Amino acid sequence: LVHHGLFWKNTPQPIDAPMRDRLKLLFDHDINLVGFHLPLDAHVTYGNNARICDELGLTRLDTPFAVMGGHSIGCIGTYDDALDHAAFTSRLQQVVGGRPPLALGVTDRPIRTVAICSGGAANELAAAAAAGADAFITGEPNEPAHATARELGISFLAAGHHATETFGVRALGNHLADHFGVRVTHLDADNPV
């Protein structure tokens with residue numbers, strides 16, 4: 001069970017030597033590989049964004065965010081009482097694990113409303129600000145993120161592409177183990193991105 005599968009963009013891809021080796025490993029050991037990308041970002045129970053929102057202790061709002069193909073894949077949540085930026089960033093690091101998140105834009109204001117879209121969703125920054133978020137969490141920044149976040153008056157927090165996309169796989173794996181009696185072991189392929 002993986003978040004990023006082997007094939008992308010609904011186009012045939014040649015089976016080159018590295019892909020052949022990946023597939024051979026699976027076939028030789030009779031292993032099935034199931035990849036859920038955007039559905040595992042978007043799912044309201046097992047999705048990366050919902051899980052991060054819940055683990056941060058935010059109350060989820062029904063506000064659509066990061067809409068793709070007519071479906072909201074992101075999540076917006078709020079605290080009853082705002083946290084100062086340093087406390088929120090520390091909480092995010094504890095939840096996501098690993099290194100401290102890269103904080104760009106406005107980093108000296110309290111955080112009450114948070115928009116989340118895991119992975120590589122820096123392009124959702126303006127939508128987060130338009131939704132009234134004080135902070136936007138994603139996995140990785142793009143070049144204009146710092147200046148854009150300052151101009152929009154929002155904190156941009158890049159907590160790691162890989163680090164923000166492990167929540168859904170773990171939650172779905174736990175669900176499968178609980179409901180179908182299968183053994184699930186999470187293997188974290190460390191990735192600093």
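Long hydrophobic helices in the chain: none of the complete DSSP H runs spans 30 Å or more by Cα along its own axis with mean Kyte-Doolittle hydropathy of at least -1.0.
Restricting the calculation to alpha carbons of region 39-164 gives Rg and Dmax of 12.7, 35 angstrom. For the chain, adding -39500 (n - 2.57) for each run of n ≥ 4 DSSP H residues and dividing by the number of residues yields -10000 deg cm²/dmol at 222 nm. Across region 53-101, Cα pairs under 8 Å and at least six residues apart give a relative contact order of 30 percent. Take each peptide in 85-95, 62-72, count the other Cβ atoms within 10 Å of every residue, and average; sorted highest first, the result is 85-95, 62-72. Once the Kirkwood radius over Cα pairs is known for region 92-174, the Stokes-Einstein relation at 10 °C and 1.306 mPa s delivers a diffusion coefficient of 125 µm²/s.
Computed from the coordinates by the stated procedures, all read-outs in this text should not be read as laboratory data. Keep in mind that what you see is a predicted model, and the values were worked out from it rather than measured. Glycine also receives a Cβ, built like all others from the backbone with ideal geometry; neighbour counts cover every protein chain displayed.
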